[in-house]
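Got a structure for you, questions after.
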Amino acid sequence: MNRIHIKTMQALVAVLFTTLLFGCTKYLDVKPDQKMVVPSSLADCEALLDNRSEMNYTYPVIGEVGSDHYYLEDVNYNAITQVGEKDVYLWDANANINLNNWRGPYKIIQVAGQVLAVLKDIAREEDAVDYDRIKGSALFFRAFALMQLADVFTLPYDKDNAENTLGLVLRNDPAVNYVSERSNLKDTYAQIKSDLVESVPLLPTHTTIKTRPTRVAALGVLGRLGLVVGDYALAEQATREALSYTDELIDYNGINESSAMPFFQFNKEVIFHAITTSSPMLNASVAKISSALYDSYESNDLRKVLYFDKNADGSYAFKGKYDGEQNSASFAGIAIDEIYLSLAEALVRNNKLAEGAEVLNKLLLRRWRTGQYTPVTFTERAIALGRVIQERKKSLILRNLTWMDLKRLNRETAFARTLVRHINGATYELRPHDLRYAFPIPLTVVGTTPSIIQNER
């Protein structure tokens with residue numbers, strides 16, 4: 001990235017900083033410096049989208065904090081000073097959510113919108129390939145950020161009530177004086193789908209820069225969306241197409257079991273690299289894996305040794321992060337194994353049991369010790385679905401997907417369950433259909449922007 005592009009990116013970021021709360025009057029009163037460089041070329045747009053610290057590393061972490069694949073002991077919980085994080089851990093209805101969970105993704109949306117606005121004034125004929133790729137990338141980033149926000153700030157999707165359920169602020173206009181109002185959930189997911197569908201033919205199939213979106217990544221997110229909204233035909237179609245471009249899996253037999261970090265950053269299963277903001281609750285030194293989850297792995301399942309380290313007290317910590325770093329953030333991108341699991345679930349839900357088993361077997365053969373895995377066969381839909389969901393839970397730990405799955409699956413009697421925490425002698429529960437599955441919008445946002453309605457409690 002050359003110096004002029006860096007200056008362009010920094011200038012626009014400075015302008016965008018004045019609107020981070022999107023709709024807050026006191027921020028709208030701040031006028032950007034007219035001397036600042038305004039993006040006007042494809043190279044400028046590319047520089048903005050390549051700013052990985054803003055576009056790839058700021059997704060909401062609260063879904064992981066609120067999930068139940070881990071727990072904290074009293075001494076570790078009490079030692080944490082961030083009250084908002086502790087409230088999220090206990091599903092406090094009045095938690096003051098860290099602003100970054102809202103602001104980070106909306107900043108991505110603002111940048112994407114700015115790029116799309118600039119592209120309208122550039123002749124595509126100047127460089128059609130780069131023009132399409134950059135436009136597709138902006139559409140992808142906007143959709144991806146919206147979906148991450150919807151995972152944590154809206155209630156589960158119900159097609160019969162989605163039009164009457166609060167969705168997100170759909171910020172398609174980068175103008176500073178944009179009025180921020182929440183749409184309904186139907187329109188929110190329609191926007192996400194529209195952006196992704198438009199991005200697919202514009203994006204390249206592959207890239208060597210894994211922080212950039214690709215066609216496979218967009219199709220992978222469409223697969224997620226299909227599962228969330230119950231459109232299993234869409235989920236099947238999108239994930240089938242994604243795997244038609246690339247379906248290579250890591251053979252876990254080739255990984256050093258004693259490694260403290262078994263998976264390196266940008267490994268071959270990673271299609272699109274992204275991570276969440278950090279949370280002290282997820283630090284491996286304090287976050288202990290649920291014994292029920294650990295015990296669900298059989299002895300020859302290599303995930304059991306590659307995902308977990310035994311602590312001195314006999315509990316287990318998670319080490320199998322796909323971002324290749326030991327930090328308090330979570331991988332939030334797209335990986336091939338997720339696409340396999342999404343396809344397997346979609347096939348089973350579409351009553352294609354034999355195909356679903358075939359897809360699941362192809363994945364698990366590369367997760368078990370060589371020669372020890374017995375391929376599954378599916379004859380009953382309910383049993384098949386239960387097995388696929390179980391393998392999804394065992395494979396996608398700290399991928400920023402657990403909360404999304406909890407929300408959508410709690411609408412089904414077979415998978416609905418109550419989450420339980422025990423802290424300082426008290427018991428806390430989160431039951432299926434609870435309004436707390438939509439986290440409160442940060443108080444700073446609703447307090448300064450009256451047009452944004454807070455989630456019900």
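The values are calculated or read from the model by the stated rules, or taken from the named source; none is laboratory data. Computed from a predicted model, the values in this text were never measured in an experiment. Cβ: placed from backbone, ideal geometry, glycine included. Neighbour counts: every protein chain shown. These accessible areas exclude ligands, DNA and RNA; they are computed on the full protein's heavy atoms, side chains included. Shrake-Rupley method; radii C 1.70, N 1.55, O 1.52, S 1.80 Å.
Looking at Ser328, Gly356, Gly314, which one has the Cα that reaches farthest to the positive end of the dipole of the stretch 307-392 (charges on Cβ: Lys, Arg +1; Asp, Glu -1)?
Projecting each Cα onto the dipole axis, the largest value belongs to Gly356.
Further question on the same structure: Suppose R0 equals 22 Å. What FRET efficiency, 1/(1 + (r/R0)^6) with r the Cβ-Cβ distance, do Val129 and Ile209 give to the nearest 0.05?
Rounded to the nearest 0.05, the efficiency is 0.90.
Using the heavy atoms of the protein chains alone and a 1.4 angstrom probe, what is the accessible area of the stretch 152-251 per residue in square angstrom?
41
Take the residue pairs Lys319/Lys394; Lys159/Lys393; Lys288/Lys319; Lys159/Lys193; Lys362/Lys394 and return only those whose Cα atoms are more than 21 Å apart.
Over 21 Å Cα-Cα: Lys159/Lys393.
Moving on. Assign one of three labels to the stretch 47-197, namely rounded, prolate or oblate, based on the Cα gyration tensor with a ≥ b ≥ c the square roots of its eigenvalues; rounded applies when a/c is under 1.5, prolate when it is not and a/b is larger than b/c, and oblate otherwise.
Prolate shape, in that a/c is at least 1.5 and a/b is the bigger ratio.
How much area per residue is accessible in the stretch 319-457 when the probe is 1.4 Å and only protein heavy atoms are counted (Å²)?
Computed with neighbouring chains in place, this is 40 Å² per residue.
In Å and from the alpha-carbon atoms only, list the Rg and Dmax of the stretch 256-384.
16.2, 46
If you put +1 on each Lys and Arg Cβ and -1 on each Asp and Glu Cβ, how big is the dipole of the stretch 249-339 around its Cα centre, in Debye rounded to 20?
Using Cβ point charges on Lys, Arg, Asp and Glu, the stretch 249-339 gives about 200 debye.
Let me have the 222 nm mean residue ellipticity of the chain computed from DSSP H runs of 4+ only, each contributing -39500 (n - 2.57), with the sum over all residues rounded to the nearest 500.
That calculation yields -13500 deg cm²/dmol at 222 nm.
Let me know the charge dipole size of the stretch 310-365 about its Cα centre in debye, to the nearest 20, where only the beta-carbon of Lys, Arg (+1) and Asp, Glu (-1) is charged.
100
So, with +1 on the Cβ of K and R and -1 on the Cβ of D and E, and no other charges, what is the size of the charge dipole of the chain about its Cα centre, to the nearest 20 debye?
Roughly 220 debye for the chain.
Give me the percent of the accessible area of the chain that comes from carbon and sulfur atoms, probe 1.4 Å, all protein chains in place.
49
Quick one: which residues, 5+ away or cross-chain, put their amide H under 5 Å from the amide H of Tyr70? H built at 1.01 Å from N.
Under 5 Å from the amide H of Tyr70: Ser290.
I'm spelling it out carefully: the read-out is Rg and Dmax of the Cα atoms in Å, the candidates are (i) 30.7, 101; (ii) 20.9, 61; (iii) 21.7, 68, and one was derived from this structure. Which label?
From the options (i) 30.7, 101; (ii) 20.9, 61; (iii) 21.7, 68, the structure gives (iii).
Also, quick follow-up: Starting from the Cα gyration tensor of the stretch 364-416, take the square roots of the eigenvalues, sort them a ≥ b ≥ c, and report rounded, prolate or oblate (rounded when a/c is under 1.5, otherwise prolate if a/b is larger than b/c, else oblate).
It comes out oblate by the Cα gyration axes.
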